[in-house]
1. When only Cα pairs under 8 Å and 6 or more residues apart are kept, what is the percent relative contact order across chain B?
2. Please enumerate, by chain and number, the lysines with C-alpha under 22 Å from the C-alpha of D:Lys91, excluding those fewer than 8 residues away in the same chain.
3. Percent of Cα-Cα pairs more than 33 Å apart in chain C, please.
4. Output, in nm with one decimal and in ascending order, the distances from the D:Gln53 label point to the matching label points of the other copies (7 Å from Cα along Cα-to-Cβ).
5. Under 15 Å from the Cβ of B:Leu334, count the other residues' Cβ atoms, weight Lys and Arg +1, Asp and Glu -1, and hand me the total.
6. Note the angle between two axes, namely the Cα long axis of helix A:105-142 and the longest principal axis of the Cα atoms of chain A, as a number of degrees from 0 to 90, rounded to the nearest 10.
7. At what distance in angstrom do the alpha carbon centres of the range B:197-262 and the range C:59-79 lie from each other?
8. Take every Cα-Cα distance within the range D:104-199, group them into 10 Å bins from 0 onward, and report for each bin the whole-number percent of pairs it holds.
Protein chains: 4
Amino acid sequence: MSINVFEHPWLSGLFGDAEISAIWAADAQLAHMLAFEAAWSRARGACGLSDAQEAEATAQAIESTTIDGDDLRRGTGIDGLPIPALVKQLKAIAGTKDVHLGATSQDVIDTALAITLLKSLDLFKSRLEEIVGQLAQLEQRFGDQAMMGRTRMQAALPITVNDRIETWRLPLQGYLKRIELLRPNIGVVQVGGAVGNRAALGDHSECIVASVAKALDLNVSDRAWHVMRDTVVEAATLFSLISGSLGKLGQDITLMAQQGVGEITLSGSGGSSAMPHKQNPILAETLVSLARYNATQVAGVHQAMVHEQERSGTAWMLEWLTVPQMALATGSSLLLTKKLLASVERIGEAG
Amino acid sequence: MSINVFEHPWLSGLFGDAEISAIWAADAQLAHMLAFEAAWSRARGACGLSDAQEAEATAQAIESTTIDGDDLRRGTGIDGLPIPALVKQLKAIAGTKDVHLGATSQDVIDTALAITLLKSLDLFKSRLEEIVGQLAQLEQRFGDQAMMGRTRMQAALPITVNDRIETWRLPLQGYLKRIELLRPNIGVVQVGGAVGNRAALGDHSECIVASVAKALDLNVSDRAWHVMRDTVVEAATLFSLISGSLGKLGQDITLMAQQGVGEITLSGSGGSSAMPHKQNPILAETLVSLARYNATQVAGVHQAMVHEQERSGTAWMLEWLTVPQMALATGSSLLLTKKLLASVERIGEAG
Amino acid sequence: MSINVFEHPWLSGLFGDAEISAIWAADAQLAHMLAFEAAWSRARGACGLSDAQEAEATAQAIESTTIDGDDLRRGTGIDGLPIPALVKQLKAIAGTKDVHLGATSQDVIDTALAITLLKSLDLFKSRLEEIVGQLAQLEQRFGDQAMMGRTRMQAALPITVNDRIETWRLPLQGYLKRIELLRPNIGVVQVGGAVGNRAALGDHSECIVASVAKALDLNVSDRAWHVMRDTVVEAATLFSLISGSLGKLGQDITLMAQQGVGEITLSGSGGSSAMPHKQNPILAETLVSLARYNATQVAGVHQAMVHEQERSGTAWMLEWLTVPQMALATGSSLLLTKKLLASVERIGEAG
Amino acid sequence: MSINVFEHPWLSGLFGDAEISAIWAADAQLAHMLAFEAAWSRARGACGLSDAQEAEATAQAIESTTIDGDDLRRGTGIDGLPIPALVKQLKAIAGTKDVHLGATSQDVIDTALAITLLKSLDLFKSRLEEIVGQLAQLEQRFGDQAMMGRTRMQAALPITVNDRIETWRLPLQGYLKRIELLRPNIGVVQVGGAVGNRAALGDHSECIVASVAKALDLNVSDRAWHVMRDTVVEAATLFSLISGSLGKLGQDITLMAQQGVGEITLSGSGGSSAMPHKQNPILAETLVSLARYNATQVAGVHQAMVHEQERSGTAWMLEWLTVPQMALATGSSLLLTKKLLASVERIGEAG
């Protein structure tokens, strides 16, 4: 039972998004961490830091094992991170001490984050494309209808439905481009070792990084990004841009659906416990809430840039508290928009 | 599996706080909502709006029923709230339409919130008292030890350990007083009906409010607080004040534990996957993260004050996204402080 | 020329509030700082730390001097604070080294802050009273008019104008009480000396604190609040509560003024450069902007609670960047509300 | 006298940045607004909407006039914007009603914003280049020196000064690239007319937009960006990324300058009014404050994305309250970093 609206027993009926939740789920995160450790072992083998055959055996052991989650939880309570406990389990399973050598907890967790962010962007891209398509259809169906243009909450001059919908659609198309620009920056393997300078890898550093990156389908980098969090901020910003633009769409629809305005008809809107006759534009409202939620969280991600020395526990944990939540809010926001647009029966001036 | 660090399969090993989670858990929330509906039925009986005997039977049926959670989730997806579905279930169970009559969803959910906030304050109070006691003990043990007073991150003039600890303890004692001041304002039953003016209750309004409030051990109010959210902001502010002061304590301890400073010795600190020799002050670090997290969230709660007309779905949902999380962060922060202070082996100038 | 909207050459025509600006103006701040230094000298005389007659002469010299502002600016560039330069000037003026002895920069600046916060609260109190009076008059004039109650942006059930206005008025009346509760906590002299423990004052500490407090009409405290910023957070919270409730009022009025709703008529609203026929509810809109502005800033004030060791330059400066701005926004918000309510010609269902 | 630290009589000695202030100053803004109106008149002439010769005469009259600022202030108080008053003045000066025709206030103000943002980016670029150069020099001078690598505030493993400085330098180099990517998106003329669809320009729309854009050295767009604020958010994000990375640098330096750590020597640091012997790392501290300030403000800019209908007064004004301040904080942050790095006398392990 979660207090998190995205995973709450009943609030998830509104806010829940099974696809984005699956991407950020703990078991997916664990799978990525194991994938890193397996790739790391193979890389050590390939680059001559470990015996290649033994490294392959270790990698396969890592890939086929089942992890004791209770032990991870206990370990996190002691170490602040699951990785020391995880590595201990993996060493026992693989029957070797040659696991994780030269890597550090942040390498594992941040690489898993990179993979998760990429998957999130892919999901968002596909949903944005669907929504752009839905909007284009609405433009085709209702675009030439007259509507009152409204500025500063006052009737201004007549526009068409196309004029309004374009302001919803164009930013979303822009985000498709931004996703493409962001992907290579986000999809970068994290390899730094204890203090971020890859010192433990010596001359093998480049080989290891290339090998791990290739195995995980990520890009290489010249340096660990342990304390350089600008790409994480950029991902969070894009999440909030998406939910922000959808919040504008939602706000508009709540205004259009008002009695006395009547510029939109929605099917299947929200019921009221006190007034069965009412139809509340709950999907549109939720878009506004999620936009304001992400606008709030993004401040925390920016605060987390003040990352002292070679690794800041405090700044890093602040990301854990905000970035996944933003991804879920954005996923939810896209999903609700799809439902909301599918429920539009009519847009344009009241008849 | 939750992405929420407070309920995450392994991150909860660090951030988790079973007591505060139980207070905010969905089943506790449901129990409070049922308690409201039962109290409501009895109040209708007591105030002459329903037949008293039937009302009592209805109340007992509500109290002894088991709710279909899947149905609540489905209902929330449709109505944006679980209450219409819940009321439908209750009507079927009680075999009467005389359930929830004159109340509205927000009455139920906000009254449950008031109860939950009170329980949170009680837990925080008892933990604050324990922590104040722990600090007093540390003062007794180490208070007269010399320490360097540091301002603007520079050694300034010698102080004693007492001087430092007092700046941790005094605000916490102040919060104990604030909790007492806040309790009566927070613990107010929400009764407004459809549009917040209790119109459906007619002349029975005062009787109903008094009766429900008494049954739930809450205070009455002259008016619904549907759109007047200042007390919710105040509760959130107190949560953030507590975690903020503990963040100061945590920040100080991370600075005291530095090599070259050595003003504190902690037992059982965090291990590193790359450097087994290290002892990371993970509990102290987490306090800083949680302080900055709540400082971020509190902005969302303030944004939610712009509550349009007789009820804003968007503003209200923004509270659901932020207030419970702040309570969990504060609970976690208090729990971690207790652990952290229990681990202090020595404070004062390095020998 | 300021980029600050509250002091901007033309934007101040909308946002400007001469009274709150005067309270926070640099010259007022300087006057409070000089008042502290004069009171400090007299206190040293009264408590036997300095020769009483010389101390009085020093105090009078401080009170009657003109300060070289350029020198303060240069000094702030070097020291991060104006006080070292100010004290140097005062020593030269008074012809003695016995100035500021035993005090520290933060004592001076925070005491000036306390005075400024009190004056702000007094102004806000008097404006809140006026606004409560204006609202009561509107209730008298239009209170019985019918209006549609609206929840979740949808027409719900009929209410009266009174029902709506009460939700604007009651929180403001509550803030009057909160101001009274907050005044004694805010109005506390700051005396700590170099590292906050008043060590330089020895046995005279209590006498000095009492004497300075009395001279400045402030309360004493047992300890410096250098690093315990909860009362500053509470003041900022109250500022945001006020502007938040006025933001709700503003949001409602923008919605009421819509074509098709027509529940309010305002005189003298905003013109448009493109559409001379339009009347924009600019005062109501600005209330929403200011509410959201303060809701944003308050997060910074909470972040500033993480005040390391005996004084944090970073946390303290973060207050300078946010608290005055919040006070100005709140002052502006109250002033605009007065104008807005004075412009109401009619409230209630469109005829 | 401003309460704004960037323009405050003495606090500007620390926070002030004359160059960025000049870019955002009201007179510069007015100059850009007049440039827009002049370009607009010429465009109307060039595109056949006005008589070309008269349009040129109007443009020249606009360019050579002196504006009555008091009148703009009065006008802003009435209209919420200076443009109606400005246009009235311009019509009188030019002796024609053919001024601003087909444009709207937001076209003028946002185009001025675009120009101002570009100039800010140019200044930031040149300063980033200088800082990157300073860092490269420090790497050359001290890069091979040993230093303790520190993670989670604990000594971890030895690194070199290069390892640390690289984490300061690389993000800044990345921002140089981001500035290049952002410039074309930011530097877009705003032309929409009353309701954003350029309807008043009819078939001449493309011609007018191209002509105004060319005159102002901006890019064209297919549509007004009145309510699509993603590029404003991106500019604000880049501002906060820059100050955030400099905040990390500042935080590191405050930690390096601690007694017992001694990894850096700075010349000319801040004096204390109570302890003349102290040297406070005030520039480094200020970088942290400014980072956290911008991290706070950026939330407001994201909130401003919820821009209802064809123009939201409330959302737009929220930008005025936050975006200029962020630019000033970033400018200040870059300037202070230059001073701070110039004051470095030594980096590396204490001798």
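1. Answer for chain B is 19 percent.
2. Partners within reach: C:Lys278.
3. Everything past 33 Å amounts to 39 percent.
4. List, nearest first: 8.9, 9.7, 10.2 nm.
5. That works out to +3.
6. Its long axis makes an angle of about 20 degrees.
7. 45
8. The percentages, shortest bin first, are 15, 28, 21, 16, 11, 7, 1.
The numbers here are math on the coordinates, done by the rules we state, and not lab data. Just so you know, these numbers come straight off a predicted model, no measurement behind them. For neighbour counting, all protein chains shown are included, and Cβ atoms are generated from backbone atoms with ideal geometry for every residue, glycine included.
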